[in-house]
1. Do me a favour and compute the ellipsoid semi-axes for region 13-77 from its Cα gyration tensor, root of five times each eigenvalue, largest one first, whole Å.
2. Just read off the accessible area of S200 with the full protein assembly in place, 1.4 Å probe, to the nearest 10 Å².
3. For the pairs K17/K52; K63/K99; K17/K196; K97/K169; K2/K169, flag any whose C-alpha to C-alpha distance is greater than 32 Å.
4. Each label point is 7 Å from the Cα along the Cα-to-Cβ direction; what then is the distance between the points at N70 and T42, in nm?
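The values are calculated or read from the model by the stated rules, or taken from the named source; none is laboratory data. Not measured: the values here are computed from a predicted model. FYI the Cβ positions are ideal-geometry reconstructions off the backbone, even for glycines, and counts take in every protein chain you see. Quick note on the areas: whole protein, heavy atoms, side chains included, nothing else; ligands and nucleic acids left out. Shrake-Rupley method; radii C 1.70, N 1.55, O 1.52, S 1.80 Å.
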Amino acid sequence: LKLNLSSQAFNTHTNAKITYNNNSFEGNTTFNIFNLQLFSKTIFDSENFFYKRIIGDTDLKGKFSFKYDNKVFFVNNFGFAGKDLNGSGEVEINLTKSKNNKINLYFNYVNFDNLLIKNFINKTANNISEDEIFIFSGKMSQKAQKENYKSYIEKIFSINQTNFDIAIKNAMLNQSNISNAILSFSYFNNHNFLIKNFSSILPGEPKVLAKITPENKNST
């Protein structure tokens, strides 16, 4: 199977091999995103966290190999590079319940100032000045009904717990350099997050280390 997709935001070229007797397939894809902001509005719906927050119009090129077998989808050899973002990663998505998903991402460089909108949360309600650093929105506390998914992506990630391991070698945030950042967290249905580990070196070389251990698995 050869599949080419093109739009104003991106194009992709895919070569895949399908095995009918055991319902599996594998292949590889190369992609070229011309405008990251437009691309985010192409793949995410208007309720998604990234839909209105990606402001970068930078391009991004990359490639990855994929394999689907026995209701497990793998993405390997994933690499991407652009002016404000470059790195690599691997993904394992289980379409069977009670099997954890895994997403590992390694960024050599990320320029958050050029990629993401700064005003994520209500500064007045939270007494946050314009120059302070903040990333996550308080909107995450909203609950989603299991029978009323807002998007197919959300439906997939609500089946099982997803474990994220993210490492950033160098990043620019609020015109300051952040290095050697490590973040490990889990996401499970109804927008529950569990942060397992966080560490980073901030401007001026202070170190931030945090580890949160819940009393039980139901803690959020």
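1. That gives 29, 15, 9 Å for the three semi-axes.
2. In the full protein context, S200 sits at about 10 Å².
3. Pairs exceeding the cut-off: K17/K52; K17/K196; K97/K169; K2/K169.
4. Here the modelled spin labels are 3.5 nm apart.
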